[in-house]
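The values are calculated or read from the model by the stated rules, or taken from the named source; none is laboratory data. Remember, predicted model here, so these are calculated numbers, not experimental data. Quick reminder, even Gly has a Cβ in these numbers, built from the backbone with ideal geometry, and neighbours come from all protein chains shown. Calculation scope for accessible area: heavy atoms of the full protein, side chains included, ligands and nucleic acids excluded. Shrake-Rupley method; radii C 1.70, N 1.55, O 1.52, S 1.80 Å.
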Amino acid sequence: MSYESPLLHRPGAVAPPEGHPESGVPWHWGDPFAEQRAAVRGVVVVDRSHRELITVSGQERLSWLHLVISQHVTELSEGSGTEALVLDSYGRVDAHMVLGYTGGTVYLDTDPGAQATSALPKGGKQSLLAYFEAMKFWSQVDLHDATGELAVLTLLGPDIPAVLDVEVGEQPYSVTAFEGGFARRMPWPGKAAMDLIVPRAKLAEVWAKLTGAGARPAGTWAFDALRVESLRPRTGVDTDERTIPHEVNWIGTAAHVAKGCYRGQETVSKVHNVGKPPRHMVLLHLDGSPEIYPEPGDPVLLGERNVGRVGSVAQHHELGPIALALVKRSTPVDAELIAGEDDRAVQAAIDPDSVPEERAAPGREAVQRLRG
């Protein structure tokens, strides 16, 4: 049964279109562009209660977790967090998660429906929790699906301290516990972000408290627009079955290149040390004059040649229509591209700030031509 947040029944909440990746939570509250502006200049609260949560506890919680995810966590300190991936044996991305460590328990929150490739030959995909359970063996760890007990809300904007009565460290991923949950500072989307993991039974109560203190309700439309601007991918939307961490800016932030002994590590290390990924993620500026937009998975064309795929598409309050795309590294920065197909095909240009500086200059001219 699909999830539906109780906040969707609040006055003004608008649900996303059918089949949208953020189904189950409010898409916007009547004015998505004003919500974005408030997220940049004031403070908003976003319902992300459709995310799934897994807890890891027990004597060997950190040493075991270190072996099954891509991040270095053996020395993860209480009151901190990080991002991590689960990769398949070829180093391709299965799942992305954000960690928070407090009270002797590691909390992992991930996209709804996250899956991992089974360790068994031709085992197919299984839920992330089922994969972790299969990898426990004799380790002294306890795994628990906490999705029914905890929910995620996200605060965005410079005025977060005005509505949050919890002091959180300034470092990214700093974690501060409070009754029933914790707050975790995030480096994205935008310049100021804070995740709140709260008791699911008190979701509406916490929401009312935050909005009563001045946080404007905002939907996942605003969150995604800032996420795209921040060049942060979403698994299954900005990744496909061939994506490796190097292609989508997850090296360092979610995948450690020096640690060993995790599935897919050989590919991560080899590409980092002796090669370059075949594709890289870029920000595309889309021609908005036709008022049509490509969809995730649509091709990116250079002339008649397919050079990539479209990922997340967003309408940004300042940049207009934008998208993340995985394109071949050989694609010229100043190329005149077409994103989408059939009646969704629009002109597109690579944002020069989303590629290495030495390649950026020609791209700036291409963006100016597109905005013309």
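Ligands, DNA and RNA left out, the 1.4 Å accessible surface of the chain is 50% carbon and sulfur atoms. Our helix-only sum for the chain, with -39,500 (n - 2.57) per DSSP H run of n ≥ 4 divided by its residues, gives a mean residue ellipticity at 222 nm of -5500 deg cm²/dmol. Length gained on full extension, residue 59 to residue 240, computed as 0.36 nm times the residue gap minus the Cα-Cα distance: 61.6 nm. Among residues other than residue 254 with Cβ under 11 Å from its Cβ, the summed charge is 0 (Lys and Arg +1, Asp and Glu -1). Round to the nearest 0.05 the FRET efficiency obtained for residue 201 and residue 274 when R0 = 51 Å and r is the Cβ-Cβ distance. Taking R0 as 51 Å, the efficiency between residue 201 and residue 274 is 0.50.
Structure remark: mean-square fluctuation, Gaussian network model of the chain, C-alpha springs under 10 Å; the largest value among 39, 348, 15 belongs to 15.
Given their separation in residues at 0.36 nm each and the Cα-Cα distance between them, residue 343 and residue 162 gain 60.6 nm when the chain is fully extended.
Once the chain from residue 34 to residue 119 is taken as fully extended at 0.36 nm per residue, the excess over their C-alpha distance is 26.0 nm. Solvent-accessible surface of the chain, taken per residue with a 1.4 Å probe and all protein chains present: 44 Å². Only aspartates and glutamates eight or more places from residue 125 in sequence, or on another chain, were considered; those with a Cα closer than 16 Å are 88, 94, 111, 133, 240, 241. Projecting the Cα atoms of 89, 217, 260 onto the dipole axis of the chain, where Lys and Arg carry +1 and Asp and Glu carry -1 at the beta carbon, places 260 farthest toward the positive end.
With a cut-off of 13 Å between beta carbons, the residues surrounding residue 231 carry a summed charge of -3, where Lys and Arg count +1 and Asp and Glu -1. Under a Gaussian network description of the chain, with springs only between Cα atoms under 10 Å, the residue in 346, 300, 44 that fluctuates furthest is 346.
Relative contact order for segment 54-108: what is it in percent, counting Cα pairs under 8 Å that are at least 6 residues apart?
Values: 87 pairs, mean separation 20.4, N = 55.
Once normalised by length, the contact order is 37 percent.
Shown here for segment 171-249: GluC sites (Glu not before Pro) in loop regions (DSSP other than H, G, I, E, B) with at most 15 other Cβ atoms within 10 Å, namely 179, 241. When the Gaussian network model of the chain links Cα atoms closer than 10 Å, the mean-square fluctuations of 305, 92, 184 top out at 305. Cα centroids of segment 86-140 and segment 162-184: 26 Å apart. Dipole of the chain computed with +1 at Lys/Arg Cβ and -1 at Asp/Glu Cβ about the Cα centre; of 158, 108, 206, farthest Cα towards the positive end is 108.
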